[in-house]
Each structure stands twice: as structure tokens, then as C-alpha cells.
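The structure under discussion appears below in the form of C-alpha cells.
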Amino acid sequence: MATWKQKNGFQQFTKELEKSSNDKRNYRLIRLHNNLECLLINDKDTDKSSVAMDVKAGHLLDPKELQGLAHFNEHMLFLGTSKYPVENDYQDYLSKNSGYSNAYTDMIDTNYYFTCSTNALKGAVDRFSQFFIAPLFTQSCTQREVKAVDSENKKNLQSDLWRLFQLEKGLSNPPLSNFGTGNWDTLYAEPSLKGMDPREELIKWYETHYSSHLMKLCVFGKESLDELEQLAVENFSAIPQRDIPQPQFSSDVWPRDAYKSIIFAETIKDIRQLALTFTFPEQDAHYNTKPGNFLSHILGYEGKGSLCSYLKQLGYINSLSAGFGFSAPGFEFFKINLDLTSQGIGKWKECLVFIFNYIDMMKRFSDNPPEYLFKETQDLAAIAFRFKEQGQPEKVTSSVARLMQKPYDREHILSGSHVIREYDPQCIKQSLDALSLDNCRVMLAAKDPIEGVGELDQVEKWYGTKYRVDKLPEELLEKINNSSSPPEMHLPHPNDFIPTEFNVEKKDVTEPAVVPTLLRDTNTLRLWHKKDDQWWVPKAHVYVVMRSPAVLESAKASVTTRLFNEILLDEMNEYAYDAECAGFAYSVESTGDGILVHVKGYNDKLTTLLHQIVSTMKNLPIREERFNVIKERIERVYANFSMDAPLMHANVSTYSLTQKAFFTFEERLDAVKQITKGDVEQHAKNLLDRLHMELFVHGNVTDEAAVKISRDVEDVIQPSALSEEERQSLQSSLVPKGDHIYTKHVPNKAQVNSAIEYYNEVGDVADLDLRTKLSLFAQIAHEPAFDQLRTKEQLGYMVFSGVRKSIGAMGFRVLIQSERPPIYLEGRVEEFFNVTIKNLLEEMSEEEFEKSKNSLIEEKLEKPKNLNNEASRLWLELSGGYYDFHRRTNEVESIKKLTKQDIMDFFYTYIHQFSDKRNKLSTHLISQSIPDQYKDLNDASALRSSNIIYDDIASYKNKTVPSTHAHPVAPIAQPAMNN
């Protein structure tokens, strides 16, 4: 029987696509006459549409003389087509229709996607399809967008992630060694010197590598499959099919001397990373067996007897992971990564010995891998796919379009990456045999010199990373070959957390409930519950927040709380790793005024996991050796913050300035150095003795079961009550009237970028009328801010605008990271307000204004897409202290009443720089290495005279007053139970 049916101008796949039993969406696979394959997804209940295109052309196809061209092509494609020549037409259309777009360039593909309101799909598709039919690649955009690529590259120059990634690639054979991002030199200056026209070369590359048969399309909407089919055929059939072969790359990825070698590299941050990379059999052809997934499960296992557990007990590592590295048609890598402790960096050779010992232990079973382990992996994959929750439309289209490039049988394009169908010991053995010294290259990266390692005498070309390459010592190889695994190491035991009970109590409802039920409200505990009434999956979430004044006493108390949490997670790891493998997840983290425990997964055995976490918390054993390892790790986290991007520093500094109780990273770093094991033990007792708990249970759990969960937590913790005053929420520090600037130097002296956060505070976040005006203003200003400050002025790659909310306060902010100094950026933001936004508002027609309102209304009315999404939304309302469960619908009614004059009045009162009523705070992070061509822009006289400048947080905060506390927007109902 034929699997493709010929229709008018295209073919339709006739087999049914295998999908999750929890998936209510409808699918159809078609192939257009130009051999473009397209998956159509119908979801009659969706309130968002999405389309994605994956093109099998990435940076491995860059010409040697134009490194980064694939990435540059991705940038340029968005900036105008023959049919829609205005360069921001696409983004503007999406912005006005509750949408956005994004794209990324990988080694072998480039992925483009967008989302928008359902009634805007046709117009968005019309614009999107033209990128692949008739892009303009205008001369006027070319030089400007090369600068955007250059700015994007410069933001990565001080990132260890990017530096080590390129170092590993650069020490490989071409084209794997390509520099995928590109910069001004590779894309403009050097080609121009050679007589090459960058724009002409871009067009030539596009026409050489972009062809319909190398593209995969996914279209998601509420329209019927027939209507989506017509939309796809009409808009994408004109994409040209060119005579281009499928990309294929050599398996000879490394120079001969790379095998059994070790790369020593210097990092920017204080990290200690040991990474083993193996050349590995390509896995896509074995998707029914997934041998690599099976091996990564065993090698990355963290439970009792594991490689990770053993190395942790020795004090050598903080964490271990194992899995696939990067790949392309023709080659694949498998990686084992270790985060080393201060002791472990000196024991890297021993770590290598133990890793290969463990692999050798696995190979003892290679003729007959333990079938129970494979069956367990297979069962867990089947359960996860069976109850897979539906994702956001844009996440679905982007990932599915990319998966369609895989050589899966077409009926398996939805299930191929999830389901394990066959047990093939020979296939597993073949992959396991590849994990050998003969196929391995090692990298050891650290900030400080490593004892016994020679001078790092080489410098990587693109990022300037210092490194050296040596052969692995013969005595080390001999030790690896002549030693065996210690008896403490063994394969994973059977997993007791695999769920077996999947019953769902389903009751038909007219409309899903919006407000959770308050079941209990005592002086120590408040319990909220919502039984799942729309997703019908055997899953649940439990949130437990424990609030205590002990957390807020000092920077030391705040950091001690974090240490306590990390020690708890460390203690739980061996026990709970099986739960994570079985589809559960848990977290323990500090909030501003307490600790949040969150568990989620199958309701069968979820309470077992929660009970163990809470019991361990109450009786946490703190061992000196683990305390020292964890304390050192947290100290490095705080110290490494100084090397983070300037924009991150600007954001955190603004947060410090606008929160009444917030401790800087410098204060935390000083505090952590003083904390002892005894301090943590005493702090834990103080914290747990007196607190208030708020619980939210959501999912496939009855009222009775929720109450039982709350009583179990209460019985374990047994806290004393807090006073009403102690139970009050945190507060913000309100920005004083006028113009205020906080200045600080970027700590990393090698960082060429500066940053600004320009924040206009407008009032109390509980003020519904003001909140909706702020939201609508932010919606109107969002796309113009990006277009003007990022696209036209090219101030920097990272330009954001939007709403900032906190307890008792809210405002509009603009964030920019740039090589230009913040003083100049301040002026450009104010010019943007004074010219771009002022003209936009004054010239905006009533029709355009109504479109902006409707776009925001659609955004507010967007429904949750799954249980996880709904749980997060409800918890946000609960944990914020406002309990505003009708917030979205109330905001919609408020937005409907807004007029254009309302927004203009809002703008001139709260945003415009000449208002005498505004409250403005700018945070300036100033580079210590401002490029020479921009140093003249760092002139304080360019600032308006009304600005008050501060260089320390305390002097600014002395002028602030605290906000109101969070309070329920409406009286809380009486609890359903008495206690």
C-alpha cells in the first residue's frame, strides 16, 4: 500500500501518525510539489497560532572566507521581502497581533518560528513565507546587520560556555572548526579587502543552500486541517527547489593527534570542568533502540552505587552528566562532563581512571546488557510519552520542524524522539565499545593554574582563550588499562519510583474553576487546593512555602538559608534521583522571606517524595566534608557573579535599589566566608521552629488527599506560629520623585560592553486602572523600542523593554547592553521617548489604537496550555500575596475602557522626561574598557541637570520610602474545614 496519496499539487501521507494518548490535537502530513514537507496541526481550542520552518543549512556550511554567513543570513532574512519591503513589517504585524518571532542558527540547521493570535495567522504566514521566496537582503541593512552580529558576538566574548565550545570546535577538522557566530572582520572588513561584496556573497550562499527540499514546515492553528492545508499550499509552494544535495559531512572530525589528548584551558569564571568527548556511532538510524540514551542513563545515574555518587563521596566532584554532544550527518559525539571541586581539580587523573573503570564494568555486560535496565528505560519512556502534556504552540512547531529533519519513519515524527521500541543488545554493544580511550579527547578547564600542567602557550583565534594540548601521560593510560572498578560501584538497582497507578478521577464541568479552594487556615498553615478539571492526567503539583523572619535578619542569614537548601538537595540526591528518572521533579529554593519546596509528577508516589524531602529537612544531617564542598561551591557562585554580563549586573543592581530587603552579591560573598557548619545547624533550627506555611495542591488529587498532605507536612515540621506582623509580605523601596542615576563600574575589566536599565516607576501594582495603562503602553512601545534602538541605531544586540513589577510597585523599563557608555544610552532612551513614542502616540489612529488594545486583550485571555502552565499561574497569584485570581479578566474589562487620551496622559505624566511628576531611576554599568571610538560619549555634561547621581546603594536608599505590603485584593473566603 502506498504511503503517499497524490492530490491537487501536493501529496498527503496516508498512515496515521503515532501520537500520545493524551494528545487531542489532529495532524496531517503533506508534501508540496517542490518537495517541501509540512506537518499541519489542528487544535480547535487554541488561542494562539504558530508556524516554524527548519532549514537544513547551518554554520558548518559557511565558506572559509566568510565565517558566520549562515548566522548573518538568519539576521537578514527578517528585514524585508519583495512583497513586504518595509524592514520591520513582519515584527510590527506580529507585535500588533499578540505575537513574536525568533530564530537560531545551529551547526546543521537554521530554525525560524513565530506565534500570533489565531485571527492573524493568514497575514503572518503570508509575510513569513516570503522569507524563503523573495528576501531582499537590502544593501542598506547589510552593514548595519553585520554590526548586530558583531555585537552579538561581543556579548559572548567573556562567556566560558562560548569560549570552550569554540575551542573544542577549533581544534577539530573543517568544517567543524568553523566560527559559527561571525563578526565584523569575518563578514565585512576582510571580505571587502579581498574585493568581495558581502551582500552579493550572502545572496550567492542563500541560493546555494536554501532549497524547499531541505526545509521542514510545521503549521499550527485552530483552522481545520483542510484550511491549514490550503494555507500551506498557497503560501509555500512557490519556494524554489534547487539542485542541492543533502548536506553530508566526513566522520574524520579530529586530527589524528587529537585522540588520547588533553586540552588544558583557562576560564574567565572560577569554574573547574573535566570533559571527555568520544567519537560515537550516529544515533538517528537507531531511533527505535536508542542505545545512546540507554548508556547516558547508566553513566549519568546519580543514585547509590553510581559513578557520580562514588566521586562525590571522595569529594572530587559537585556534579556529573553524560549524554550526546553535537552532531551532524556523518558524525556524532558522546560526552561526560564533571564539575570538579577544589580537591577534585588536583585529582583529575584519578577521575579519569574511575570513569573508565565504570565503563569497563558496563562492558562486562556488553554481550548481554541487563535487560531489566533496558526494560525500565523503555517503560519510563513509554509512560512519559503516554502522558506527555501539550506544549505552547511555538515550542511545538519549532521542535517538530527540527525533528522532521530526522530520518524517522514518517509515522514516527511525533514519537520517534520519545519511544523506545526494540531491545537490541548488539546495537547497544556497538555504542558501548565506542566509549574507549582510542576514541576519546579530554578537556580540563579552570581559572587558576593547575599543578603539574605546563604553560598555556597557545591562544584561540576568536575568543582569545589561553590553552595547551598534551597527549595523555602513558602512565595514566597504563593505570586506566590495568585497574578495575571499586566494589562500591555498581549498575543502577531497580527503580521503586516507577508509577503504576494511572487512574484519573474525571468529572465533567461546564467551565474550569478559576479560584482554588481554601481548605485549611490555621495560625501556622494555609492550604489551597484545586482538583484538576480540564487536563485529566495522573499528575499533580504540590507547592510548600515556609516563611520565616529568620531569613531576613542579615546577609549572613540569607546566605545560610541558601546553604541549608543546597545541603538538603545534596542529601536528597541519591534517594530522589530514581524519582527524577521516573518523571518526577522537585526543587528547594530560597524566596525573599523563606523556603519554597515544589514537587511535581505522577500523583502515584508524589507524596512519598514530598514526605522524604520534608523529613530530611527537619532532621538534616550535616557532614563536615559535604558542608565544606557545598560552601566552597556557593562562594564561587557569588564570586563568579562579577564576571557576568553587564546587563545582568544592571538588572540585579536595579533590584537591589528597589527592594527594601535585598543583599548584594558582594555582601553575600563576604557573609558566606564566615559561615560554619554550626551556623547552618543553628539557623535551621531557628528557621523551622517558628514559621508560617502556605501549601497549594493542584492536579489529580482529592480534597481529602490534599488535607492529608498538609497534615503530614505539619506533623513533620511542627512549627510555632508567627505574629500577624511577622507574616506580612516583603516590601519594595519606592523610587523618589525626580531623576536618579546609580552608577557602578562593570567588575570584569576585559568586558567592552556597558549597560543601562532605565526605569520609570508609575505606582502601586495593586492599582488596576494604572496597571492596565502601563501594560498597554508597554505593548505599544515594545516593537518600536527594538526597531529604533536595536535595528536602526544599532546600540547593541541586547535591547529589551517592558513592565517591571514587584510588591507595591511597578513601572516601565528599557534595558540595553552596548559598547557605548550608559550616559550616551540614557540620552538615546530619552530621545526615543521624546521623538519616536511621542510621534507614534500623537499620530496613532483610533483604528491602530484599538488594534493594540485587542492584541493586549488576547494576550491577557490566553489560556493555560497544560497542567504545569495552570499550576504556575495559580501559584503566582497565591505566592504574591494578592490572591488576585480574576486578575486577567478584570484587566481585560479595564483595557476595554481605555482611550488613546488615557495613554497619552499616562505617557506625559509618568514616562516623558519633562514631566515634573515622574519617578525615574537609571542604573548605569560602565565598562572599564570602553572602546576608543566611544570614549568621547562618556561625558557627564550630556546628562540633564535634573539628575541626581549616586555611586553607592545606601545613599540612594536613604531617600526612599517602603511600599505597602501585599494584601488580598478581595476578602479571602472562609476555609472549608475548621482546622
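The numbers here are math on the coordinates, done by the rules we state, and not lab data. These numbers were taken from a predicted model, which means no experiment stands behind them. Positions of Cβ are generated from backbone atoms using ideal geometry, with glycine treated the same way; all protein chains shown enter the neighbour counts.
Some observations on this one:
- Remark: F914, F334 ranked as F914, F334, counting other beta-carbon atoms within 10 Å and listing the fewest first.
- Take every Cα pair under 8 Å whose residues are at least 6 apart in sequence, average their separation, divide by the length of the chain, and the relative contact order is 13 percent.
- For Rg and Dmax of the Cα atoms in Å, the candidate list reads (1) 28.3, 96; (2) 28.9, 83; (3) 36.3, 123; the entry that matches the value derived from this model is (2).
- Across segment 576-586, coupling constants 3J(HN,Hα) worked out from phi with the 6.51/-1.76/1.60 Karplus curve, θ = phi - 60°, read 8, 5, 4, 5, 5, 4, 8, x, 9, 9, 8 Hz, and Gly and Pro carry x.
- Karplus-derived 3J(HN,Hα) values for segment 843-857, using 6.51 cos²θ - 1.76 cosθ + 1.60 with θ = phi - 60°, are 9, 5, 6, 4, 5, 5, 5, 5, 4, 5, 4, 5, 4, 5, 4 Hz; glycine and proline are entered as x.
- Full extension of the chain segment joining D339 with M648 gains 108.9 nm, where the gain is 0.36 nm per residue of separation less the Cα-Cα distance.
- Projecting the Cα atoms of Y910, S590, L136 onto the charge dipole of the chain (Cβ charges, centred on the Cα centre) puts Y910 farthest toward the positive pole.
- Taking M489, M76 and counting other C-beta atoms within 10 Å, the order from fewest to most: M489, M76
- Residue-normalised convex hull volume from the C-alpha trace of segment 911-979: 246 Å³ per residue.
- Over all distinct Cα-Cα pairs of segment 4-236, the Kirkwood formula returns a hydrodynamic radius of 19.1 Å.
- In this simple spin-label approximation, N947 and Q248 carry label points 7 Å from Cα along the Cα→Cβ vector, and these lie 6.0 nm apart.
- Theoretical FRET efficiency, 1/(1+(r/R0)^6), r = Cβ-Cβ of Q143 and E511, R0 51 Å, to 0.05: 0.40
- Alpha-carbon spread of segment 517-717, three principal axes, descending order, Å: 47, 37, 36
- Order of W536, W254 - criterion: other Cβ atoms within 10 Å of each residue's Cβ, fewest first: W536, W254
- Mean-position separation - Cα centroids, segment 233-260 and segment 811-852, in angstrom: 42
- Charge dipole (the chain, unit charges on Cβ, about Cα centre) - positive-most of Q378, L491, N979: N979
- Tail beyond 22 Å, pair distance distribution of segment 36-114 (Cα, percent): 38
- Between K917 and S321, the C-beta separation translates, for a Förster distance of 60 Å, into a calculated FRET efficiency of about 0.70.
- The slack in the chain from N523 to S587, taken as 0.36 nm per residue of separation less the alpha-carbon distance, amounts to 20.5 nm.
- Mean shadow area of segment 733-962 over all directions, Cα convex hull, nm²: 14.0
- If only the Cβ of Lys and Arg carry +1 and only the Cβ of Asp and Glu carry -1, the dipole of the chain around its Cα centre is close to 380 debye.
- In this simple spin-label model, placing a label point 7 Å from the Cα along the Cα-to-Cβ direction at both K406 and Y575 gives a separation of 3.5 nm.
- Cβ-placed point charges (K, R +1; D, E -1), dipole of segment 517-717 about Cα centre in debye, nearest 20: 260
- Placing unit charges on the Cβ atoms only, positive for Lys and Arg and negative for Asp and Glu, gives segment 550-638 a dipole magnitude near 120 debye about its Cα centre.
- Using the Cβ-Cβ distance between E846 and E234 with R0 set to 51 Å, the FRET efficiency works out to roughly 0.95.
- Compared with the direct C-alpha span, the chain from K204 to A940 gains 260.3 nm at full extension, assuming 0.36 nm per residue.
- Evaluating 6.51 cos²θ - 1.76 cosθ + 1.60 at θ = phi - 60° for every residue in segment 202-209, the Karplus couplings come out as 5, 4, 4, 5, 4, 6, 8, 10 Hz, glycine and proline recorded as x.
- Here each label is just a point 7 Å from Cα along the line to Cβ, and for N482 and Q6 those points are 7.1 nm apart.
- Selected from A52, A328, V765, residue furthest toward positive end of dipole (the chain; charges at beta carbon): V765
- Rel. contact order, % - alpha carbon contacts under 8 angstrom, at least six apart, segment 342-461: 41
- Amide N of segment 760-804 lying under 13 Å from the label point, which is placed 7 angstrom from the Cα of E893 along Cα→Cβ: 768-769
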